[in-house]
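In what follows, a single structure is set out as structure tokens and then discussed.
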Amino acid sequence: MRHSAAHVMAAAVCRLYEEVQLDIGPPTIEGFYYDFDLPDRLTPEDFTAIEKEMARIIDENHPFECLEMSREEARKFITGMNQKYKLERLDDIPEGESITFYKCGEFVDLCRGPHIESTGGVKSFKLLSVAGSYYRGRETNPMLQRLYGTAFESGKQLRAYLKQIEEAKKRDHRKLGKELDLFSIQEEAGPGLIHWHPRGARIRSIIEDFWRDRHFEAGYELLYSPHIGKAGLWETSGHLDFYRESMYSPMDVDGTKYFAKPMNCPFHIKIYQAQKRSYRDLPLRWAELGTVYRYEKGGVLHGLFRVRGFTQDDAHIFCTPDQVGGEIRDVIKFANGIWKTFGFTDISAYLATRPDKAVGDESRWRQATEALEEALQSESIPYEIDTGGGAFYGPKIDLKVKDVIGREWQMSTVQFDFNLPERFDLTYTGEDGRSHQPYMIHRALLGSMERFFGILTEHYAGAFPLWLSPEQARVIPLTEREISYARTVADELRSAHMRVSLDERSEKVGAKIRNAQLSKIPYMLIVGPRESTDKTVAVRSRVQGDIGAMPISELVEKLHTEIISRSHPSVETEGSAHETAMSKS
């Protein structure tokens, strides 16, 4: 239906505007878009007229008719339509493949389909935005206008989706990153490169410390690898053959070409090869927070979600065939626990199986795929089979999590690799005294620190739970007379390993509380004459509002208990408490 809605939208644009050049109009996961070359610049103010014309075309209920042509007929037909981009797209269709057009009313488009029966089948729809998009994604090509829309089976579904979009705008990590002083991207230093500010760096440090502790507990060892490597390394790994467009230009070091690393795998393999390995050494579980560099086109860079330099929470497991099942089960269990700790409980998976063209013995593929599926079943994680969707070098699991407003994010990956062990001739000595090739498993839990931090920021709307908050409490004296006691309170909390600040500004207490609320600080500790005399603090929670006065020792115990539990209050509770606090202050 969404594919058909893209055609309806294009038909409406062609009715309303002259000299329209058409490119492509595919469906997306949650909607559709179409790329146009127009003499007029589209703006959101134009959407109403386009939507009205779309509604007219839907009411006219034109059937979607498939027209099949030979290549010569298609070329002549497109030339008559004066559609230059479509002529180039025609050349992309391989020889021998059928060439089809779809017609609805007077609108005809080069398209492989499929479509619904008629335009009347397009249900509740809405145009969302317009953006520039280079033809074929190349910056040297003309800039087209990409018009986005969405369509659902019912108005209720559409309204729910539009509400989700509005909520997502409020939670945009780029906006919150600026408001909460978490990170920035400096164009002068380079687009797609992240500058972590003290508050954001503090949260990242907490996440990394948690990540390291959990890995040590799970039997992993940590590695550190170089940021650059010789060209020969990337030739052996195959990256220069298959991944060259995403790698940065080589640098010359003593007459030898070096490349910034796009992945950590080859370095981990070289560490494996640093000595002979026996079956007694396996499994080896090696993890690294490794920073990598990949070229992304300027048009697709997007805050923390699409960057050019990022830190992967990468790991590789080298094991024997009989260890595979247990290792995969442990990885899935490990990932499940990590995600739930960060507040993501809705987890699902895709299991991608062997494609037609693949390396590695079929029996190994079968064993690896079965191990992946059994691991998902053992953890009761719902999953779908993506038949033939695996990489040529091995099957994989992609874990997906839903955030608090229902958006799905592809995160953890568990990927078998039968290619690199062969390319690097990895071996271990088995019980039989012979050389065997180990199984190699790539594994990323959070994906990258940058993208994960962006998702986490939007999930919590910047109101991080206590254990993650860069500033856990702020001490607020009522007047200058309480500043001395307020300093004592702050010092005692710091000595108890709390992240605390002190607001000594000569502002009204209401303004100080409002500032702390806007900074999304979990606890505000108000000290006035009574608290100074009683040696207590009046506690205001970001979540619960006013809690009341308590001794410092009792407060420390309360905060420690909440930190250790790593609880994550619901967004609804956060929002209502915030409104209550604002009205009171």
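Read the figures in this text as sums done on the coordinates, not as results from a lab. Nothing here was measured: the structure is a model prediction, and the numbers come from that model. Neighbour counts are summed over all protein chains in view; Cβ atoms, including those assigned to glycine, are modelled from backbone coordinates with ideal geometry.
Computed quantities for the displayed model
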| read-out | value |
| --- | --- |
| Reachable aspartates and glutamates, given that their alpha-carbon falls under 12 Å from the alpha-carbon of Lys520 and they are not under 8 places away in the same chain | Glu179, Asp181, Glu471, Glu574 |
| Segment 2-168: relative contact order as a whole-number percent, Cα under 8 Å and 6+ apart | 27 |
| Selected from Leu87, Tyr102, Thr119, residue furthest toward positive end of dipole (segment 2-168; charges at beta carbon) | Thr119 |
| Reference-scaled alpha-carbon Rg (2.2 N^0.38 Å with N residues) for segment 97-192 | 1.56 |
| At most 15 other Cβ within 10 Å, DSSP loop - trypsin sites (Lys or Arg not before Pro), segment 420-489 | Arg434 |
| Signed unit charges on C-beta, dipole axis of the chain, positive-most listed residue Gly394, Val475, Met247 | Val475 |
| Members of Lys230/Lys400; Lys156/Lys402; Lys340/Lys508; Lys357/Lys400; Lys169/Lys333 lying beyond 31 Å, as alpha-carbon distances in this model show | Lys230/Lys400; Lys340/Lys508; Lys169/Lys333 |
| Centroid-to-centroid separation of segment 402-456 and segment 503-560 [C-alpha atoms, Å] | 45 |
| For segment 340-403, the spread of Cα positions along each principal axis, largest first, Å | 39, 20, 17 |
| Selection of GluC sites (Glu not before Pro), segment 1-103, meeting DSSP coil and at most 13 other Cβ within 10 Å | Glu18, Glu19, Glu95, Glu97 |
| Whole-percent pair-distance distribution, where bins are 20 Å wide, for the alpha carbons of the chain | 16, 41, 34, 8, 0 |
| Normalised contact order of the chain, rounded percent, pairs of Cα under 8 Å and 6 or more residues apart | 9 |
